[in-house]
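Following: one structure in structure tokens, then a few remarks.
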Amino acid sequence: MLKILFKYSIILVLLLISNLTFGKAEKFRAMWREDPATTMVIGWNQVSGQNPVMLIDVIDRGKDASAYAQIVETTFKNKGKGMNNHFIRLPNLHPNTVYYFLIRDSEGISQRFSFKTLPNNSNERLSIIAGGDSRNNIEARQDANYLVSRLRPHCVMFGGDMTGGDSDLEWQKWLDDWQMTIAQDGRITPIIVARGNHEQNNQSLIDIFDVKARDLYYALSLGGDLIRLYTLNSMIPSGGSQKSWLERDLKANPNTVWKFAQYHHTMRPHTSKKRDNNEQYIDWAGLFYQHKMSLVCESDAHVVKSTWPIRPSRSGDAGFERDDANGTVYVGEGCWGAPLRPNDAEKSWTRNSGSFNQFKWIFVDRNKIEIRTVRTDGSRRVASVSPQNVFAAPANLSIWNPSNGDVITITKSSQVVSTPTKYPRVDGHQEPKIESNKPTRGPMEIIDFQVNLDGKDIEIAWQTQNEAPGTDYEVERSTDGQTYQSIVVVNGKGGEVSDYTYMDWDIGEKIPGTYINYRLKVVLPDGKSHRDTPKGKKQRTPGAPKPEVTAEVTKLVPNPSGDLTVDYTLSSRADVTMILLNPKMELVKRKVFNGQSSGNHSQSMELNGVKPGRYQLIVKAGKDVVKRYRVSF
């Protein structure tokens, strides 16, 4: 008996010691995968220690680990960006409620944190911070992060380009800096993220923020039906499946009080250093107007911008004109710490523009939206808002007060927006067609399907005509000519003519000296499917006898200045587009040369910011593919 008592005494002492030490959890962040009123995701990096769990309660138990009402185990973990990322997905929470928690592991416990769920009705006012581009100027990034802790918003909308190079060390430093958004009392602000061009792929944000949508376009309802927030991905095609999803969700949520959108690339940048993004304009601007999008938050250009309410217009400035009754307000464009650019491209519908570090501070209720631009430099002297009134500006907060006033107010209009029958034609791009129940085009068909050898890789390329939105493609491979295996599913783009390329990387190393058959399974929106075979059914890997039909992919390497230079000949005047795709068929860069005359041309694409690797370059004249290249550097 004495030995047993002594043993339990030792255990008790060890437990007391563990409660006095800090666990090895760090880099905390909060996100949403589902309803922000009833769920939350908490993520962190588990540096060391075993079996981490969350101790959580609606009552603040401080550091008393034994007093918390519930213990929750890790839901999901990954090794993204060189960290041991743990996530706990919390369901069935109470709306508009503060939750307090600790992370306990075999080495101790974390500091006490808290988060607050959103209300589940539109009668509660919300405070939101929106911005993006934090990649270079660390001091400016930290200033903006610190202001988040001072202003205690309900959430942060972040428009991408968190880091410069998407490297492990950069992300780890970024998350260390993000800890400055945590208030002094341990309050963590949830973040809603969009992908920028400096995130090399979707997986970076999925690994760090546990984003549910693999394509990184998704919608959340904030405050019940107060706001439907659309996060779009401007690093993949804006049309096709993304546009179809956006249109479906907009139609499915007609009674939301307000609709917001955020994405990275600005449609009409307010700096001459950035080009217009006409595909986004064609695919999204009309939908925003039709479905009464109230506010759009853009990034990427590294300038300050706010517009009057605007709508697409054939005769307008850069494709827009002011419409105070029914238009959409666009704000941005980055400035969370990325290098600032000159605001030298104002439009007739620009409300104000500038060039300084900033983000938007947005208040939303049923009757109005208020938008303020907060200068973020020198934030350490700013006081904190009162937790009882997060809508009152604290002492020393610097709010920009340009010529048209420091507050942009959007109110509900009593007018009904009529669906436009025409979208404007801009910079030589074709007007999109209005969909109807009557067939306006011919049947969908595969008009070109090729399989080409490129060293140890094989390229599968196809072109479609009159493709219906929602069409998918499965590339199937067979090494015996009888049994086929699906190797990739590619989402269709939709449209009159669409081009696709998939690289079967290193297949020559995996199965050398082999004839391979490929075929394409076309899955239509109604679930029906059919299969097509390419020109030249068989392809060889190195070492196999050369078949009758084959083609070699042209290789292209950067010139000494680091650019890709392409020579081509046009038979007639056309708009030429150079498109750089990564191995996942995601858009990396696009460059447009409008109004190219017939004859010989030589044009270049800069590779600034593009990570070394293997890519595909497609050169198109209008809708037609002129050349395809395999790029390695």
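Table for the structure above
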{"read-out": "Tally of residues being buried (at least 24 other Cβ atoms within 10 Å of the Cβ) and not in a strand (DSSP E or B) across the range 357-378", "value": "2"}
{"read-out": "The range 408-424 - residue that is exposed (fewer than 12 other Cβ atoms within 10 Å of the Cβ) and assigned to a loop (DSSP other than H, G, I, E, B) and, of those, modelled with the lowest pLDDT", "value": "T421"}
{"read-out": "Of all residues making up the range 110-136, the number that are within 21 Å of K27 (Cβ to Cβ) and modelled with pLDDT under 95", "value": "2"}
{"read-out": "Unmet criterion (only one of (1) at pLDDT 85 or above; (2) surrounded by fewer than 17 Cβ atoms within 10 Å (Cβ to Cβ)) for L607", "value": "(2)"}
{"read-out": "Residues being outside any loop (DSSP other than H, G, I, E, B), closer than 16 Å to I128 by Cα and not small (G, A, S) - total across the range 379-397", "value": "1"}
{"read-out": "Any strands (runs of 3 or more DSSP E) falling wholly within the range 208-290 and containing at least 3 residues that are surrounded by 22 or more Cβ atoms within 10 Å (Cβ to Cβ) and touching a residue at least 24 places away in the same chain (Cβ under 8 Å)", "value": "227-231, 258-262"}
{"read-out": "Segments classed as strands (runs of 3 or more DSSP E), wholly inside the range 577-633, with at least 3 members that are over 22 Å from G164 (Cα atoms) and among the aliphatic types (A, V, I, L, M)", "value": "614-621, 624-632"}
{"read-out": "Number of positions in the range 576-588 that are at pLDDT below 85 and touching an Asp or Glu at 6+ places or on another chain (Cβ under 9 Å)", "value": "0"}
{"read-out": "Strands (runs of 3 or more DSSP E) (entirely within the range 438-528) containing at least 3 residues that are modelled with pLDDT of 75 or more, buried (at least 20 other Cβ atoms within 10 Å of the Cβ) and under 28 Å from the mean Cα position of the chain (by Cα)", "value": "457-467, 495-504"}
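The values are calculated or read from the model by the stated rules, or taken from the named source; none is laboratory data. Quantities reported herein were computed from a predicted structural model and do not represent experimental measurements. Positions of Cβ are generated from backbone atoms using ideal geometry, with glycine treated the same way; all protein chains shown enter the neighbour counts.
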